[in-house]
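Take a look at the structure below.
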Amino acid sequence: MIMKQITLLQPQKIVFGTGCIQTLVEDYKKLGYQRLFVLTAPPILPLIEPTLAALKAAGTNIEVFDQIMAEPTLNDFNAIVEKARQFDADSVVGIGGGSVLDVAKLVAAFVHSDQQAADCFGIGFIKAKGLWFACLPTTAGTGSEVSPNAILLDERDHLKKGIVSPYLIADAAYVDPKLTWTVPAKVTADTGMDALTHCIEAYTNKFAHPTVDIYALKGIQLIAANLETAVKDGKNQEAREALALGSLYGGLCLGPVNTAAVHALSYPLGGEFHIPHGLSNAILLPSVMKFNAEACPKRYAEVAAALLSSTSGSSGDTNDIRLAQQGVDFIYRLAEAVGIPKKLTDLGIPQSAVDGMAKAAMEVQRLLKNNPREVTEQDAKDIYNSLY
Ligand SMILES: [Fe+2]
């Protein structure tokens, strides 16, 4: 097979390991910055208190902003970036889930920019690198700590939109699985399914590439084998580490390959009904896998083999279509085991909303173009309707 050219852009430094938040302190002290704007969320504050204290003791001025909404809007972001300007930040750290990290990335990019975030939705519109910034994920996860993507809800049309730019890649990412120990079971389930979706959508992507296939397949194995354990026993260090690594692998696929129809169809559920990102992906994932499998059965058979390797191993079946279906069945079982609802009615979304959601999903062409099978507006309606 002739390989296409691909560019891999990643943080200059990626630190992984339980307790590695301490490395951030040591690294930051050497950088010479003095005014650090920290974005986080209230449940995380107790976990990072010693880190902030160590930085303050080293002479760093710190402003903490911890009021980021679950699905931040453009207006929310504009208010936060103004706070960073008033503080005169010279560096930014995001410690949190995907929304916190996305906002941190955007704050670093726009704090001293003459551009507006509202003008930069899409790929490649940010003109210049902003402040030095680091990302520490506290869920496993969105993979945002290593991706060039940030998502905001545009309240002008109630659509969740992406800003994608090499300037949104963190200077450093510290993936400390210990930060995920206190994540509640439901959030562990939702975010774990999001990470699994990143890996599956990268491996079955129209632009899939051997340079990241290896991350995607290994990520699928790690998450499939450990998600249920982490949901049921949040303090299980081994499961939390495996999930954090699987999430990192999924994140490393996002820049060069990115996601596809699951994410595109998921955004209207978040934009209009404020369904958490991971949960909406989790509900859509098996239906989209079923829809896509006929377009690339071999790839979906390989996904199934990776999923199944965590349990009984391969079924011995050599028929790609049947194997692909076993992968879909595995996702149904896993979703049920970790408490993901099956129907859109379970999320309070009326079937009368389907036409509008399908129309909105069609706007997400930056991801739909990656899908191995073309998705028409009618296909989107059929997929949503299959979830009632
Ligand atoms: Fe995602």
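The values are calculated or read from the model by the stated rules, or taken from the named source; none is laboratory data. What you see is a predicted model; the values in this text were computed from it and never measured. Positions of Cβ are backbone-derived with ideal geometry, glycine not excepted, and every protein chain shown enters the neighbour counts. To get the accessible areas, we keep the full protein, side chains included, count just its heavy atoms, and leave off ligands, DNA and RNA. Shrake-Rupley method; radii C 1.70, N 1.55, O 1.52, S 1.80 Å.
Output the residue which, of all residues in region 265-306 that are over 25 Å from T7 (Cβ atoms) and of a type in the set (K, R), is farthest from the ligand (Cβ to nearest atom).
K298
V183: within 27 Å of F125 (Cα to Cα) and open to solvent by less than 30 Å² (accessible area, probe 1.4 Å), yes or no? Don't jump to the end; show me each part of the working.
On the way: within 27 Å of F125 (Cα to Cα): no; open to solvent by less than 30 Å² (accessible area, probe 1.4 Å): yes.
Considered against the rule, which asks whether it is within 27 Å of F125 (Cα to Cα) and open to solvent by less than 30 Å² (accessible area, probe 1.4 Å), V183 comes out as no.
Going by the conditions given, is A208 open to solvent by less than 10 Å² (accessible area, probe 1.4 Å) and either under 16 Å from the mean Cα position of the chain (by Cα) or of a type in the set (A, V, I, L, M) (or both)?
No, not satisfied.
Say we look at region 141-164 and pick out the residues that are part of a loop (DSSP other than H, G, I, E, B) and surrounded by fewer than 23 Cβ atoms within 10 Å (Cβ to Cβ); which of these is nearest to the ligand (Cβ to nearest atom)?
H158
Just to be sure I understand, how many residues within region 183-218 are more than 15 Å from the ligand (Cβ to nearest atom) and among the hydrophobic types (A, V, I, L, M, F, W, C)?
Summing the residues that are more than 15 Å from the ligand (Cβ to nearest atom) and among the hydrophobic types (A, V, I, L, M, F, W, C) in region 183-218 gives 7.
Any residue at all in region 183-206 that is free of Cβ contacts under 8 Å to residues at least 60 places away in the same chain and farther than 30 Å from V25 by Cβ?
yes
Considering every residue within region 86-109, establish whether at least one is open to solvent by 30 Å² or more (accessible area, probe 1.4 Å), touching an Asp or Glu at 6+ places or on another chain (Cβ under 7 Å), over 21 Å from P137 (Cβ atoms) and modelled with pLDDT of 95 or more.
No.
I'd like the full set of residues that are under 20 Å from the mean Cα position of the chain (by Cα), among the polar types (S, T, N, Q) and open to solvent by 70 Å² or more (accessible area, probe 1.4 Å), limited to region 8-50.
Listed by number, the residues that qualify are Q10, Q12.
Restricting to region 358-388, what's the tally of residues that are in contact with a Leu (Cβ under 9 Å, 6 or more places away or on another chain), in a helix (DSSP H, G or I) and without any contact (Cβ under 8 Å) to a residue 24 or more places away in the chain?
Of the residues in region 358-388, 1 are in contact with a Leu (Cβ under 9 Å, 6 or more places away or on another chain), in a helix (DSSP H, G or I) and without any contact (Cβ under 8 Å) to a residue 24 or more places away in the chain.
Any residue at all in region 327-348 that is touching a Pro at 6+ places or on another chain (Cβ under 6 Å) and among the small types (G, A, S)?
No - not one qualifying residue is present in region 327-348.
May I ask you to list the residues in region 115-129 that are open to solvent by 30 Å² or more (accessible area, probe 1.4 Å) and of a type outside the set (F, W, Y)? Walk me through how you get there before you give the answer.
The initial filter retains those residues of region 115-129 that are open to solvent by 30 Å² or more (accessible area, probe 1.4 Å), namely 115-116, 118-119, 121, 123-125, 127-129.
Q115, Q116, A118, D119, I123, G124, K127, A128, K129 - these are the residues of region 115-129 that are open to solvent by 30 Å² or more (accessible area, probe 1.4 Å) and of a type outside the set (F, W, Y).
How many residues are part of a helix (DSSP H, G or I), within 15 Å of S147 (Cβ to Cβ) and away from the ligand (no atom under 16 Å from the Cβ) when one looks only at region 83-112?
Here the count works out to 4.
Limited to region 255-264, what total is found for residues that are closer than 17 Å to P210 by Cβ and within 11 Å of the ligand (Cβ to nearest atom)?
So the answer is 1.
Okay, residues lined up against (1) under 23 Å from the mean Cα position of the chain (by Cα); (2) in contact (Cβ under 8 Å) with a residue 12 or more places away in the chain:
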| site | (1), (2) |
| --- | --- |
| A301 | no, yes |
| A304 | yes, yes |
| A324 | no, yes |
| G327 | yes, yes |
| R333 | yes, no |
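T73 - would you say it is in contact with a Gly (Cβ under 6 Å, 6 or more places away or on another chain), closer than 27 Å to L152 by Cα, of a type in the set (S, T, Y) and surrounded by 15 or more Cβ atoms within 10 Å (Cβ to Cβ)?
No; evaluated as a whole, the condition is false for this residue.
In this structure, does I126 turn out to be among the aliphatic types (A, V, I, L, M) and either farther than 23 Å from L159 by Cβ or not in a loop (DSSP other than H, G, I, E, B) (or both)?
no
Are any of the residues in region 115-134 under 23 Å from the mean Cα position of the chain (by Cα) and within 16 Å of the ligand (Cβ to nearest atom)?
Scanning region 115-134, I find no residue that is under 23 Å from the mean Cα position of the chain (by Cα) and within 16 Å of the ligand (Cβ to nearest atom), so the answer is no.
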